[in-house]
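Working notes, structure below.
The values are calculated or read from the model by the stated rules, or taken from the named source; none is laboratory data. This is a predicted model, so every value here is computed, not measured. Cβ coordinates were reconstructed from backbone atoms using ideal geometry, including for glycine residues, and neighbour counts include every protein chain displayed. Keep in mind that these areas ignore ligands, DNA and RNA; they rest on the heavy atoms of the full protein, side chains included. Shrake-Rupley method; radii C 1.70, N 1.55, O 1.52, S 1.80 Å.
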Amino acid sequence: MTLPRRAARPARRSIAAVLAVLGSVGLSTSVMAGETTSHALSAWGEAELPADFAHLPYVNPNAPKGGAITIEASGSYDSFNPFILKGLPGQGLGRIYETLMTGSSDELTTDYGLLAETATVPDDGTWVLFTLREGAKFHDGEPVTAEDVAWTFNTLMEKGHPQYKAYWHDVAKVEVVDPRRAKFTFREGAVNKELPLIVGQLPVLPKHWWEGKDFAAGGLEVPMGSGPYRIASFEAGRSIVYERVADYWGAEVPVNVGKHNIDRISIEYFRDRDVATEAFKAGTFDFRAENSAKRWATQYSFPASEAGQVTVETLPDESPTRFQSFFMNTRRPAFEDRKVREALAYAFDFEWTNRTVMYDAYKRLRSTFQNSEFMPTGKPEGRELEILETFRDQLPPEVFGEVYTPPKTDGSGNNRRELRTALKLLKEAGWTVQDGKLRNAEGEALSFELLLVQSTMEALALPMQKNLERLGIEMTLRVVDTSQYINRIRAFDFDLIVIGLPAIITPGNEQRESWHSDKAEEQGSRNYAGVQDPVVDALVEMVIAAPTYDELVSRAKALDRVVMWGHYVIPQLYNDSFRIAYWNRFGRPDRLPRYATGFPSSWWIDPDKDAAVTAWRKTRKN
């Protein structure tokens, strides 16, 4: 599924901040009584680029166009509709579509106009109006209109993935003002400062193309969009070829200048990442973002890299941290008891695993907002404490003490101390070891399954499995293919999984999708743990309704404390760098964006480098 950009690289805002920004730093704005119109919407800060900016600062505006590349994908696919729950969508479909506004990879709290030339917001923040650019058109030449905007929004809300309903929960209606203007009105009483930018992330689909088609059916009919690429060909489940649209309407829009330089992008699917690694070494595809510390440490010294034909490099990653953890499904009896969940965390020896299995490449997570100012520290105080005090009789006492810190071992692999703590907690929860098995008062053994989609994750799971076995707990491992994994996750058909929540810059309504009771039984939501806690619900709504940035920080810290001390997850690890390898066929801008590698959108094929790689490969074959 293609989610709004907030899910992939979120950036949160307040209307008050938006209005303050639109009138500052020299932005060209049009201000009517009680309304402000601008090329950009920003939150909790200032937009960096003025209305007359020519291009983004991390692109080469004179980058040559042309060439073809191949990149990899994992698993398979069976659908070209990324907007619905059904099916497994192909990778790269976002290249076909465009949103009203789009972000800069240098700024995490600003969106600039793409399909929309401007956005208008009133002082009271009750609506937002987007004015479409003249000349915006779909691939068949039909103009993009406000009718397409309204139809897309209503269709996604009615037939799209359930996450859209959560994302746009506070939007009451959309109206067509005229062919180029669409107005979104927010629900009465909705206090959600980021709504204009959330709506601006709407992908706009062609109403005329979808007429007579079943939007919810999925399938492999090649779709139509307005973006810089279209599907040229495909082999179902195995490959997709995207071609650059020669007469792309938006080539000169400032956010696009210097981007979308490669003529053809082929995506080849591999079911095994180790097989894909060997394919990369052989030149089957051109770029690799490595997610395995072991492979990164052991597999990237090979003839092409030693000859300088492949570059292997680590780049700093300033982007937000993804919250990768073991999620315990509290819908299952094994994980209903908070003490049991707490005890299981003592079986994950991160320090030993990181040292011996992960090549000391990772750091330990301890917060849903890791490495941000929303991550709590020490004991709650000030406004954060005031918020928590209103729920004191509903919260465990730990919430009011030191910040949550996951169990830490000495890294020796002998974690008897931690396992003794786990057994103490399990005993308090009514579990005792009988005949080598941990059993409750009814004699039922504690056992569960860890569902995995990548066999490489077994390296993390096997040491934990052995520690659980020492506690008398049986954890079985099951690795399934991507399609089965996604379907089971959507239906909450699992005991324990390893999964990550999207990185968050400023918390907002995505917290409802991850932790709110309303989403606990909604298939396809990200409330993987099945959290149903009225305090969490209240704090989520408080985060969404935060009136100021300082208040948002306090409310988010309070939410994080309650979630982490609820022991719904066993936090895993994160990496603060990009590990990339690529065949030396490319040119790229002098500087990369702050929060991404820029590949492939702002890179290009360098003819001289490309010729050198081709010549080297010929010599290897001879």
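List the residue ranges in the chain for DSSP H helices whose C-alpha atoms run 20 angstrom or more along the long axis and whose Kyte-Doolittle average is -1.0 or above.
Length and hydropathy pass: 549-565.
Taking 0.36 nm per intervening residue step and subtracting the Cα-Cα distance, what contour gain separates Val433 from Asp78 on full extension?
Here the segment from Val433 to Asp78 would lengthen by 123.1 nm.
Assign one of three labels to segment 111-188, namely rounded, prolate or oblate, based on the Cα gyration tensor with a ≥ b ≥ c the square roots of its eigenvalues; rounded applies when a/c is under 1.5, prolate when it is not and a/b is larger than b/c, and oblate otherwise.
The shape class here is oblate.
Taking Cα centroids, how far is segment 330-367 from segment 233-285 in Å?
Here the answer is 37 Å between Cα centres.
In the structure displayed, which of Lys339/Lys557; Lys165/Lys213; Lys379/Lys557; Lys86/Lys519; Lys86/Lys213 lie more than 20 Å apart, Cα to Cα?
Correct reply: Lys339/Lys557; Lys165/Lys213.
Over the chain, with every protein chain in place, what whole percent of the accessible area is carbon and sulfur at 1.4 Å, could you tell me?
Result for the chain: 47 percent of the exposed heavy-atom area is carbon or sulfur.
Would you mind getting the Kirkwood hydrodynamic radius of segment 471-622 from its Cα pairs, rounded to one decimal in Å?
One over the average 1/r among Cα pairs gives 19.8 Å for segment 471-622.
Separation between the Ser455 and Glu221 pseudo-spin-labels, each 7 Å from Cα along Cα→Cβ, expressed in nm?
Each label point lies 7 Å from its Cα, and together they span 3.9 nm.
Set the Förster radius R0 to 35 Å, insert the Cβ-Cβ distance between Ser239 and Thr405 as r into 1/(1 + (r/R0)^6), and round the FRET efficiency to 0.05.
With a Förster radius of 35 Å, E is 0.15.
In nm, what is the difference between 0.36 nm times the number of residues separating Leu315 and Ala251 and their Cα-Cα distance?
20.2 nm
Based only on the alpha carbon positions, what is the Kirkwood hydrodynamic radius of segment 37-174, in angstrom?
One over the average 1/r among Cα pairs gives 17.8 Å for segment 37-174.
Using a Förster radius of 56 Å, what is the FRET efficiency between Arg617 and Thr377 based on their Cβ-Cβ separation? Nearest 0.05, please.
0.60
Return a whole-number percent for the relative contact order of the chain, with Cα pairs under 8 Å and 6 or more residues apart as the contact set.
20
Near Lys437, which lysines are there with a Cα under 17 Å away, not counting those fewer than 8 places off in the same chain?
Lys424, Lys427, Lys466
Can you list the residues, at least 5 places off or on another chain, whose amide H is less than 5 Å from the amide H of Leu438, using H built in the peptide plane?
Leu446, Ile473
Separation between the Ser577 and Val480 pseudo-spin-labels, each 7 Å from Cα along Cα→Cβ, expressed in nm?
Result: 3.6 nm between the two label points.
Could you give me D for the chain, from Stokes-Einstein at 25 °C and 0.890 mPa s, where the hydrodynamic radius is the Kirkwood radius over C-alpha pairs? Units µm² s⁻¹, please.
Value of D from the Cα-based Kirkwood radius: 94 µm²/s.
Using packing as a proxy for protection, rank 582-593, 145-156 so that the peptide with the highest average count of other Cβ atoms within 10 Å comes first.
145-156, 582-593
With every protein chain kept in place and ligands, DNA and RNA left out, what is the accessible area per residue of the chain? Probe 1.4 Å, answer in Å².
40
Going by a ≥ b ≥ c, the root eigenvalues of the Cα gyration tensor, does segment 535-622 fall in the rounded group (a/c under 1.5), the prolate group (a/b larger than b/c) or the oblate group?
It is prolate, given that a/c is not under 1.5 and a/b is the larger ratio.
Please tell me the relative contact order of segment 503-622 in percent, rounded to the nearest whole number, where contacts are Cα pairs under 8 Å and at least six residues apart.
16
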